[in-house]
Every structure is written in C-alpha cells, then in structure tokens.
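Here the structure is laid out as structure tokens; the discussion comes afterwards.
The values are calculated or read from the model by the stated rules, or taken from the named source; none is laboratory data. Quantities reported herein were computed from a predicted structural model and do not represent experimental measurements. Counting neighbours? That spans all protein chains shown, and the Cβs are built from the backbone with ideal geometry, glycine included. Areas reflect the complete protein model, heavy atoms only, side chains present, ligands, DNA and RNA absent. Shrake-Rupley method; radii C 1.70, N 1.55, O 1.52, S 1.80 Å.
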Amino acid sequence: MTRWPSAKHFVSWLGLSPQNKISGGRVLSSRTRQGATRAGSAFWMAAVPISRTSTALGAFQRRLSARVGKGKALIATARKIAILYYNMLRYGMVFQEPGALAYQQASQERHVRGLERRVKALGYQLVATG
C-alpha cells in the first residue's frame with residue numbers, strides 16, 4: 001500500500017473520486033471516471049447491499065441516497081469503504097462498527113450545530129425545548 005501516499009490517492013486510482021473539470025474558477029463537471037478499475041468495481045459491488053444493513057455505513061448511504069440519489073450514494077459509500085480498507089492495510093487500524101444509531105445521533109448533533117451557527121450569524125439565539 002506504500003505505492004499510494006494517502007487514502008485520497010488510492011481512492012482516485014480506484015476511480016471513486018470526482019474528477020473536477022474547472023475552467024475560469026468555475027466547476028464545469030465533477031463526475032467520477034467511467035470504467036473504474038476492477039478493484040474499484042469490487043468496492044462498488046460491496047457498497048450495494050450495505051443500504052439494507054443496520055450499520056453506520058448503511059445509515060450513511062440511506063441518508064445520502066435520499067439527498068443526492070442512489071447512484072451517487074453508492075459511489076460515496078464505496079469510497080468510504082475503500083478508505084477504511086486502505087487505513088486497515090497501511091496502518092493496521094482496527095475497524096470498529098459504531099452502529100446506525102450512533103451515526104444518526106452524530107448526524108443530528110452536526111445538524112444542530114449547523115443550525116446554531118446559522119442562527120447566531122443572523123443575530124438570534126437558539127433555545128432547546130425538551
């Protein structure tokens with residue numbers, strides 16, 4: 001795994017990261033490459049059944065699928081799996097599944113922090129009820 005300096009390089013080699021076409025400071029396209037490697041296809045196929053599981057990755061894919069569509073959510077989940085795979089092989093990290101409930105709680109906390117930040121920018125104060 002030392003062939004790739006970082007997980008981002010590995011994911012790009014797999015064809016699971018967006019290829020940003022920018023001209024004049026404007027993003028023209030940010031699609032992933034067609035014809036990904038066999039390894040990239042394997043990660044993509046591994047991401048297909050994850051939406052039906054009660055894991056953090058499954059919750060991530062379902063949340064993203066509702067927002068951007070099933071295809072993009074599959075690619076994003078495959079990318080996340082590839083990064084976990086890279087880190088496990090390169091650094092010997094152990095993967096610990098937090099579960100869908102932990103992911104949903106963290107997602108809700110991020111949402112609340114974003115709301116608080118936007119309300120503060122408008123000059124108001126957010127008060128929790130219950």
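Of the conditions (1) surrounded by 11 or more Cβ atoms within 10 Å (Cβ to Cβ); (2) at positive phi, ALA42 fails just one. Which one is it?
Against the list (1) surrounded by 11 or more Cβ atoms within 10 Å (Cβ to Cβ); (2) at positive phi, ALA42 comes up short only on (2).
Any residue that is under 30 Å from PHE10 (Cα atoms) and among the small types (Gly, Ala, Ser) - is there at least one of those in segment 112-123?
Looking for residues that are under 30 Å from PHE10 (Cα atoms) and among the small types (Gly, Ala, Ser), one finds none in segment 112-123, hence no.
From the list ALA128, ALA82, exactly one residue is of a type outside the set (Phe, Trp, Tyr) and touching a residue at least 60 places away in the same chain (Cβ under 8 Å). Which is it?
Just one listed residue meets the conditions, ALA82.
Are any residues in segment 22-39 touching a residue at least 24 places away in the same chain (Cβ under 8 Å) and open to solvent by 100 Å² or more (accessible area, probe 1.4 Å), and if so, which ones?
none
Anything in segment 91-117 that is open to solvent by 80 Å² or more (accessible area, probe 1.4 Å) and in a helix (DSSP H, G or I)? List them, or say none.
If the condition is that a residue be open to solvent by 80 Å² or more (accessible area, probe 1.4 Å) and in a helix (DSSP H, G or I), then TYR91, LEU101, GLN104, GLN105, GLN108, GLU109, ARG110, HIS111, ARG113, GLU116, ARG117 are the ones that fit.
Given the options LEU84, LEU64, name the one that is modelled with pLDDT of 90 or more, surrounded by 10 or more Cβ atoms within 10 Å (Cβ to Cβ) and closer than 21 Å to MET1 by Cβ.
Result: LEU84 is the single residue among LEU84, LEU64 that is modelled with pLDDT of 90 or more, surrounded by 10 or more Cβ atoms within 10 Å (Cβ to Cβ) and closer than 21 Å to MET1 by Cβ.
Exactly one condition in (1) farther than 21 Å from GLY99 by Cα; (2) open to solvent by less than 30 Å² (accessible area, probe 1.4 Å); (3) not small (Gly, Ala, Ser) is not met by HIS9; state its number.
HIS9 satisfies all of (1) farther than 21 Å from GLY99 by Cα; (2) open to solvent by less than 30 Å² (accessible area, probe 1.4 Å); (3) not small (Gly, Ala, Ser) except (2).
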